[in-house]
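*Asks:* Quick one: structure below, then a few questions.
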Amino acid sequence: MLLATANQHQRLLYLSYVGAVTPAQINEACADMRTLAADLPPDFRLLADFSNLDFMDPECANEIGRMMEFLDQCGIGLIVRVIPDPRKDIGLNILAAFHYPHHPRVITCDSLADALRELKR
């Protein structure tokens, strides 16, 4: 499952990956994310939380690439990822190199607490 929510006041889009994630679930969440991102100003921030991810289908890479391209078009300025288990990283840095032409700043943290500290800077 992929959950999406936003906080306009903090210019923050939050994505939480939970359990076993499939391309169809990412595709569904993208519709929510598009609606949420429309209300955020340029240079908004993304908190992508992989803490509760059990498994991600390798086919998700295509959907995540499309999601990255959309976020780049919206003017994303900062991406903070929470990836406590490096084995669950499906190559996000490689995907980012190809799907974020405007090269937003990317920070990867081991914990949500660390990520929140980064967002306060």
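The values are calculated or read from the model by the stated rules, or taken from the named source; none is laboratory data. Predicted model, so just to flag it, every value in this text is computed and none were measured. Using ideal geometry, Cβ is built from the backbone for each residue, glycine included, and neighbour counts are taken over all protein chains shown.
*Asks:* Name every residue in segment 100-117 that is in a helix (DSSP H, G or I) and surrounded by fewer than 17 Cβ atoms within 10 Å (Cβ to Cβ), in order of residue number. Please lay out each step first, then the result.
*Replies:* At the first step, the residues of segment 100-117 found to be in a helix (DSSP H, G or I) are 112-117.
Selection gives Leu112, Ala113, Asp114, Leu116, Arg117.
*Asks:* Every residue in segment 29-45 that is exposed (fewer than 15 other Cβ atoms within 10 Å of the Cβ) and in a helix (DSSP H, G or I), please.
*Replies:* Going residue by residue through segment 29-45, those that are exposed (fewer than 15 other Cβ atoms within 10 Å of the Cβ) are 31, 34-35, 38-39, 41-43.
Passing the criteria: Ala31, Arg34, Thr35, Ala38.
*Asks:* Could I ask something else about it? Among the residues of segment 75-94, what is the count of those that are part of a helix (DSSP H, G or I) and surrounded by 17 or more Cβ atoms within 10 Å (Cβ to Cβ)? Walk me through how you get there before you give the answer.
*Replies:* Just the residues of segment 75-94 that are part of a helix (DSSP H, G or I), to begin with: 86-88, 92-94.
After this cut, where a residue has to be surrounded by 17 or more Cβ atoms within 10 Å (Cβ to Cβ) as well, the list is 92.
So the count comes out to 1.
*Asks:* Sticking with this one: In segment 51-65, what residues are in contact with a Phe, Trp or Tyr (Cβ under 8 Å, 6 or more places away or on another chain), part of a strand (DSSP E or B) and either at pLDDT below 90 or not polar (S, T, N, Q) (or both)?
*Replies:* Leu53, Met56
*Asks:* Could you list, in sequence order, all residues of segment 46-59 that are surrounded by 13 or more Cβ atoms within 10 Å (Cβ to Cβ), within 23 Å of Ser111 (Cβ to Cβ) and not small (Gly, Ala, Ser)?
*Replies:* Leu46, Leu47, Asp49, Phe50, Asn52, Leu53, Met56
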